[in-house]
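Notes to accompany the following structure.
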């Protein structure tokens, strides 16, 4: 079981890079639409489609990362994305706080995405940077 989740070499498939680019593009579209809906008081709940797009594309990117190599689950970058998915999901049950939750998601995204590798690949379980088991 461990070798299925944590392969010695990360798994890939033909077209994986383009799928990742497509998912990331859809994700950015969802996030941008959410920002517009949250900060500029859109009428009704039109912003929900952007939230669904951001959540769906984010979860698919997350599953692709886990499939490639589950080590992602043990690294800070994986923990940050799991937290962001939780915060985005909270918007569905706590819509009056959607703008504040959105700002926290953006802050987490910026900090983790641009942090040095020693931070992104850090494991709270191993208490050091890990890139393979």
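The values are calculated or read from the model by the stated rules, or taken from the named source; none is laboratory data. Since this is a predicted model, take the numbers as computed values, not measurements. Here the Cβ positions follow ideal geometry from the backbone for every residue, glycine too, while neighbour counts run over all protein chains shown.
Screening the candidates 100, 54 for the property of being in a helix (DSSP H, G or I) and touching a residue at least 12 places away in the same chain (Cβ under 8 Å) yields one hit, 54. Checking each residue in region 32-47 for being part of a helix (DSSP H, G or I) and either farther than 12 Å from residue 98 by Cβ or touching a residue at least 24 places away in the same chain (Cβ under 8 Å) (or both) picks out 32, 33, 34, 35, 36, 38, 39, 47.
Here residue 14 does not qualify as surrounded by fewer than 19 Cβ atoms within 10 Å (Cβ to Cβ), modelled with pLDDT under 95 and more than 16 Å from residue 94 (Cα to Cα). One residue stands out in region 86-96 among those that are in a helix (DSSP H, G or I) and modelled with pLDDT under 90: the one that is surrounded by the fewest Cβ atoms within 10 Å (Cβ to Cβ), namely 96.
The single condition from (1) modelled with pLDDT under 90; (2) within 15 Å of the chain's Cα centre (by Cα) that residue 22 fails is (1).
When 58, 30 are checked against the criterion of being under 11 Å from the mean Cα position of the chain (by Cα), buried (at least 20 other Cβ atoms within 10 Å of the Cβ) and closer than 15 Å to residue 87 by Cβ, a single residue qualifies: 58. Note on region 107-118: residues that are surrounded by 14 or more Cβ atoms within 10 Å (Cβ to Cβ) and closer than 16 Å to residue 85 by Cβ total 3. If the condition is being more than 21 Å from residue 68 (Cβ to Cβ) and part of a helix (DSSP H, G or I), then region 103-117 contributes 103, 104, 105, 106, 107, 108, 110, 111. Could you grab the pairs with beta carbons closer than 7 Å, sequence gap of 6+ or different chains, first residue in region 6-31 and without any contact (Cβ under 8 Å) to a residue 12 or more places away in the chain, second one exposed (fewer than 15 other Cβ atoms within 10 Å of the Cβ)? Matching pairs, first to second residue: none at all.
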